[in-house]
Each structure stands twice: as structure tokens, then as C-alpha cells.
Amino acid sequence: MIDLHTILPEDILNEAQNTVTLQEAIMSITPSTVDTSFQVIMNLPFINSYDGVKNIANSILLAAQYRPFSLKSLAELARKLHDQISSENKLGNLNSVFLDIPVKILDEKWKVAFLREAYVQGLFTDDEVFEAILKYLKNTPIDKKKPFWKNNSRQHFLFFIWFAPLFEKKDKELFQSTFDHLKLCLEQHQLTSNYDSFVNNFDSLKENNWEDYNKLLNNFYGDGSVADVIKNDNLEVLKEIFNRNTNFQVDSRIESSIFEYTIMLSRKPTLAMFAAFSGSEKCFNYLVEKGADIKARDFGKRTMLNFAIAGGNNNIIKKVVEYINDFVIATRISAEYHRFELFRYFLATKHADLKANDIENGSIFHGIAAANHIKMILFCLGQGCNVNLKDGDGWTPLNCAIDFRALEAVKVLANINTIDLNMQDDYGIAPLIRATIVGDPDIVSELVKHQKLDINGIGLYSQTALHRASQNNNIENIRVLLNDPRIDINIVDHHILVFILIMFFIDYLSNPITFCRTKWLY
């Protein structure tokens with residue numbers, strides 16, 4: 001066991017250990033433990049700084065991803081924290097962090113689900129939410145000249161379906177134009193079939209002040225549907241469904257709702273998989289008794305074990321392990337889904353190698369870095385895992401953390417004394433360039449703090465991080481890079497000075513003008 005004090009600075013280690021306490025308090029939240037989680041957070045130093053409040057917000061959003069059925073409790077927790085705003089803390093920044101919508105929102109739909117639930121519970125005003133949405137839509141306009149899959153229509157539809165009543169209330173013209181475009185895309189078969197019901201029943205969803213729409217959003221699955229029944233572990237109703245329909249297939253699959261924000265439920269799981277993920281033990285046992293295929297896979301090739309571990313019901317997990325004893329998958333999924341005790345249990349079976357590196361998926365270390373699982377990261381470091389280990393694409397755990405915008409993981413990994421901050425992947429992309437591609441200025445800021453980082457490192461196409469930030473029109477990242485005195489604005493990318501690229505955006509920048517004038521230009 002390696003002493004973490006020998007590889008991490010004292011302040012970073014202390015912050016990481018506090019983050020472990022924070023994440024565990026939030027990941028374990030239930031309706032009956034909201035107050036307990038709240039008290040834990042209020043006793044942590046994070047409430048006293050902007051970075052700390054951002055950590056709190058990130059941890060709540062992380063739980064929305066890995067504990068999707070805790071959404072209401074997470075929103076309640078956020079509201080209780082917001083109620084504690086005072087001159088003695090920085091909790092007044094909480095809402096601004098939540099309302100900072102990431103560029104790749106299609107990959108982070110749980111954040112939209114959280115925003116809607118928090119909005120319903122009164123954490124945000126109409127104006128706050130709508131202004132945040134409009135800002136995002138303005139920065140991500142629909143370009144009908146491009147193919148549908150990359151013209152940004154899907155991002156506009158995502159916010160429309162989750163906030164349709166707000167669209168109608170705040171901007172009727174935008175409301176109607178977005179819905180008309182949605183209908184057109186559906187008619188042109190550019191959308192998946194699960195949009196059919198929403199569009200075809202839209203008028204009825206609007207009736208009585210959006211009564212049926214609100215019911216749908218409170219549940220995500222239709223009342224009385226088999227998914228609704230299983231999610232609530234309503235065994236008697238499930239039995240009635242089978243008794244009424246003798247042709248009902250026990251291995252039927254759950255069609256994904258357009259409101260589905262849980263990645264693991266998006267690829268048509270079987271009824272038993274859905275029950276395992278939901279932790280619905282009675283329904284799961286009944287489906288197994290009816291002959292459910294425990295060895296089936298969803299359309300993303302996930303096994304029943306994936307769903308059981310993600311759901312966290314120990315009795316369901318034990319039953320599944322009787323049929324699927326793949327401890328490699330079990331160890332990895334439990335680590336990534338923030339199930340640390342399960343991880344330790346499976347690791348103790350000695351059927352899994354903590355340091356094994358799969359060519360396709362990388363190591364456990366890669367997975368937990370992407371999952372922002374700080375307790376697991378500290379555990380792996382203590383076990384001597386290689387922080388510079390590359391996966392099949394040449395990505396290190398730091399690359400994975402950056403790509404998934406796992407800021408807290410980036411902070412820990414970037415401060416390890418053996419980290420190579422300039423290591424390129426197989427495509428010639430170093431961590432800083434990866435961060436500018438992802439577009440997160442907080443991560444870029446975190447990386448440039450380190451003197452051993454080569455801020456002018458040249459990668460694919462002879463480009464630096466500043467080239468990438470300029471090409472992506474990411475003003476905040478440009479600002480962060482230009483404010484560092486080490487930056488070289490004269491590096492040529494295919495015979496174009498990076499400064500020329502920046503000139504396209506210079507009217508939008510306030511500080512860098514003077515800074516650039518101090519630089520010698522060719």
C-alpha cells in the first residue's frame with residue numbers, strides 16, 4: 001500500500017478526501033436521508049469557496065447520472081442548500097453552476113432532467129431557466145445546411161420536450177417554430193420512433209394547463225405501463241399484465257422514452273434487466289420464475305450483471321452472479337457506478353485484476369477517472385496503479401477524466417508527482433489540447449496551473465491548444481490560454497499564425513487585446 005502523502009500535495013489530498021465524503025453523502029441519498037446529506041455538506045469547507053460550491057454542484061449532477069431514481073431527492077437537497085445562502089458562504093453561486101449548460105448536452109441528458117426537476121421544486125425562476133436555455137440555443141444554432149445528425153436540431157428538441165410549457169409561456173414564436181421543425185423532422189424520418197407518441201398526442205398533452213404532460217414528466221413512463229409497474233416494484237399489477245395477455249413475452253424489451261436520460265436504459269433492456277436496474281426485487285424474482293433469460297444482453301451488449309450492479313440491490317446481484325460469474329465485468333461496473341463496497345467484495349474474490357488493461361475499454365483506472373469516482377481513484381493510487389497507463393487509443397486516465405468533464409478527477413490526477421501532463425494519445429493529442437476540444441474552461445484552467453505542462457505543445461496537424469480553442473470559437477478557453485505568460489501566439493499551423501485566427505474573435509474579448517500587443521509578431 002502506497003502512502004498517498006508521497007505522491008500528492010497535502011492540500012490536494014485533503015480536498016480529495018473531503019470530496020470522497022461529499023460524493024458518498026450524495027450518492028447514498030434517499031427521500032429519508034436528504035437532511036443527513038444536507039448536514040454533511042454544510043459541515044464541509046466546500047460551501048466557503050466558489051470552487052467548493054462547484055464541486056458540490058458537480059457531485060449532485062454526478063449522482064443524477066449514476067442514481068437516476070434519486071432525482072427528486074437531489075433536487076430537494078439542492079434547494080435546501082440554496083436556502084442557506086448568506087454572506088458567510090458562497091452558496092449563492094450554486095444556481096449559476098447548475099445553469100451552465102455543457103456543449104455536449106446530448107451526452108449528458110441527466111443534467112437536463114435535473115434542471116427540470118429542480119425548476120419544478122422552485123430552485124430556479126422561469127427567467128433563470130429560460131435565459132440559460134436561450135443562451136445555449138443561441139450558441140448552438142440550427143444549421144439546416146448540415147446533415148440532421150450534426151445540425152444541432154436534436155439539442156433544440158431536447159430542451160423543447162423537457163420545457164415545452166416554459167417555451168410557450170416565455171416565447172410563443174420560438175415555441176411554435178421549434179414544434180413545427182420537430183414535426184417536419186419526424187415526417188422526414190429523421191427522428192427515432194419514440195418521438196411519435198409525443199408529437200401525435202401533443203395537443204392532448206397541452207390540455208388543462210399541460211396536465212397530462214406534467215404527469216408524464218413526473219414519471220417518464222406512461223402510468224400503468226409495464227415499465228412504470230416494474231419501476232415501482234408493483235408485483236400484483238405485473239402478474240395481472242401476464243394473466244390478461246397469455247402471449248406476453250417474459251423477455252420483452254423496454255422501449256426507451258424520449259425522456260430517458262439514463263444511458264444504461266437507452267438500448268432496449270429486457271424486463272428483467274429493467275427490474276434489476278430499478279432494484280425492483282419482487283418483480284425481478286417473478287420474471288426469473290417466469291423464465292426470463294438472465295444471460296440475455298441489451299442492444300448495447302450489456303449483460304444482466306451490468307444492470308444488477310448499477311441498480312445496487314444485493315439480493316438481485318447474488319442471484320445474477322449464480323448465472324453470470326464474470327467478476328471482471330462485476331468489478332469494473334461496481335467501480336464505475338460508485339458502488340465501492342461491491343467493488344471491494346468482487347475484488348476480494350481474486351477473479352479480477354485491478355491493474356488489468358483491456359485494449360478496447362482500458363483499465364478500471366480509466367473507467368473510474370471518467371466516472372469522477374474520487375474514492376476509487378485514491379484507492380487505485382494506493383495500490384500502485386500506473387497513472388500514465390494507456391488504453392487501446394493511447395488515452396491515459398487523465399484523458400478519460402477530461403473527456404467526461406470530471407473536474408475533480410482532473411484535479412487529483414494532474415497533481416500526482418509521476419503524471420506526464422504532456423503525453424500524447426495515438427492521434428497526437430495531449431491532455432491540454434483534449435481539454436480545448438471538450439471545451440471546458442475550468443479544466444483548461446486547472447491544467448495550465450502546472451509549470452510542467454507544455455502550454456505550447458504541438459499535436460495533430462501541427463496545432464496547439466490555442467489553435468483548437470480558436471477554431472472552436474471558445475472564448476473562455478482562449479481567454480484562459482492568453483492570460484498565461486508562457487503562451488506563444490506565433491506558432492504556425494499550416495502556415496497560419498494562431499494570432500490571425502484569434503483576430504476573428506478579438507472584438508468579443510476584453511483583456512487579451514493589450515496582452516497580444518506585448519507579443520512580438522512576425
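The values are calculated or read from the model by the stated rules, or taken from the named source; none is laboratory data. Quick caveat: nothing in here was measured; it's all calculated off a predicted structure. Here the Cβ positions follow ideal geometry from the backbone for every residue, glycine too, while neighbour counts run over all protein chains shown.
Values for this structure:
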{"read-out": "Any chance Thr262 is β-branched (Val, Ile, Thr) and loosely packed, with under 15 Cβ neighbours inside 10 Å", "value": "no"}
{"read-out": "Selected residue [in contact (Cβ under 8 Å) with a residue 24 or more places away in the chain, β-branched (Val, Ile, Thr) and over 21 Å from Leu460 (Cβ atoms)] from Ile419, Ile429, Ile433, Ile402", "value": "Ile419"}
{"read-out": "Residue tally, condition free of Cβ contacts under 8 Å to residues at least 40 places away in the same chain, part of a helix (DSSP H, G or I) and out of contact with any His (no Cβ under 8 Å at 6 or more places or on another chain), over region 448-480", "value": "14"}
{"read-out": "Candidate set from region 455-507 (those that are among the hydroxyl-bearing types (Ser, Thr, Tyr) and crowded, with 21+ Cβ neighbours inside 10 Å); member that is modelled with the lowest pLDDT", "value": "Ser470"}
{"read-out": "Residues (surrounded by fewer than 24 Cβ atoms within 10 Å (Cβ to Cβ), out of contact with any His (no Cβ under 6 Å at 6 or more places or on another chain) and not in a helix (DSSP H, G or I)) located in region 364-392", "value": "Ala371, Gln383, Gly384, Cys385, Asn386, Val387, Asn388, Leu389, Lys390, Gly392"}
{"read-out": "Residue under evaluation Phe160, criteria (1) surrounded by 15 or more Cβ atoms within 10 Å (Cβ to Cβ); (2) in contact (Cβ under 8 Å) with a residue 24 or more places away in the chain; (3) of a type outside the set (Ser, Thr, Tyr), criterion not met", "value": "(2)"}
{"read-out": "Extreme residue, farthest from Lys411 (Cα to Cα), among residues of region 9-30 that are touching a Leu at 6+ places or on another chain (Cβ under 9 Å) and either of a type in the set (D, E, K, R) or surrounded by fewer than 20 Cβ atoms within 10 Å (Cβ to Cβ) (or both)", "value": "Thr21"}
{"read-out": "Residues of region 94-137 classified as modelled with pLDDT under 95 and among the β-branched types (Val, Ile, Thr), total", "value": "3"}
{"read-out": "Qualifying positions in region 440-454 - within 27 Å of the chain's Cα centre (by Cα) and over 17 Å from Asn399 (Cβ atoms)", "value": "Pro441, Ser445, Lys449"}
{"read-out": "Out of Ile254, Ile263, Ile317, sole residue that is over 22 Å from the mean Cα position of the chain (by Cα), within 22 Å of Lys109 (Cα to Cα) and not polar (S, T, N, Q)", "value": "Ile254"}
{"read-out": "Set Ala78, Ala118, Ala164, Ala132: member being under 19 Å from Phe198 (Cβ atoms) and of a type in the set (A, V, I, L, M)", "value": "Ala164"}
{"read-out": "Any hit, region 77-92, residues being within 26 Å of Leu378 (Cβ to Cβ), at pLDDT 95 or above, among the charged types (D, E, K, R) and in contact with a Gly (Cβ under 9 Å, 6 or more places away or on another chain)", "value": "yes"}
{"read-out": "Residue match in region 393-413 (condition: polar (S, T, N, Q), surrounded by 24 or more Cβ atoms within 10 Å (Cβ to Cβ) and not in a helix (DSSP H, G or I))", "value": "yes"}
{"read-out": "Tally of residues being out of contact with any helix residue (DSSP H, G or I) (no Cβ under 7 Å at 6 or more places or on another chain) and part of a helix (DSSP H, G or I) across region 240-275", "value": "5"}
{"read-out": "Neighbours by Cβ (under 8 Å, 6+ apart or cross-chain): first from region 271-296, on the phi > 0 side of the Ramachandran plot and free of Cβ contacts under 8 Å to residues at least 12 places away in the same chain; second outside any loop (DSSP other than H, G, I, E, B) and basic (Lys, Arg)", "value": "none"}
{"read-out": "Which listed residue is in contact (Cβ under 8 Å) with a residue 12 or more places away in the chain and under 20 Å from Ala409 (Cα atoms), from Leu81, Leu4, Leu91, Leu74", "value": "Leu4"}
{"read-out": "Subset of region 35-67 (residues that are more than 19 Å from Ala113 (Cα to Cα), touching a residue at least 24 places away in the same chain (Cβ under 8 Å) and β-branched (Val, Ile, Thr))", "value": "Ile41, Ile47, Val53"}
{"read-out": "Inter-residue pairs, beta-carbon under 7 Å, first assigned to a helix (DSSP H, G or I) and in region 320-336, second modelled with pLDDT under 90 and surrounded by fewer than 19 Cβ atoms within 10 Å (Cβ to Cβ), 6+ apart", "value": "Phe327/Thr349; Phe327/His351"}
{"read-out": "Checklist (1) under 12 Å from Ile402 (Cα atoms); (2) outside any helix (DSSP H, G or I) applied to Asp488, failing item", "value": "(1)"}
{"read-out": "Qualifying positions in region 422-447 - part of a helix (DSSP H, G or I) and of a type in the set (Ser, Thr, Tyr)", "value": "Thr436, Ser445"}
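The rows are residues; the columns are (1) of a type in the set (Val, Ile, Thr); (2) closer than 25 Å to Ser252 by Cβ; (3) at pLDDT 90 or above.
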{"position": "Arg154", "(1), (2), (3)": "no, no, yes"}
{"position": "Ala164", "(1), (2), (3)": "no, no, yes"}
{"position": "Lys169", "(1), (2), (3)": "no, no, yes"}
{"position": "Asn194", "(1), (2), (3)": "no, yes, no"}
{"position": "Val199", "(1), (2), (3)": "yes, yes, yes"}
{"position": "Gly224", "(1), (2), (3)": "no, yes, no"}
{"position": "Ala227", "(1), (2), (3)": "no, yes, yes"}
{"position": "Ile230", "(1), (2), (3)": "yes, yes, yes"}
{"position": "Asp233", "(1), (2), (3)": "no, yes, yes"}
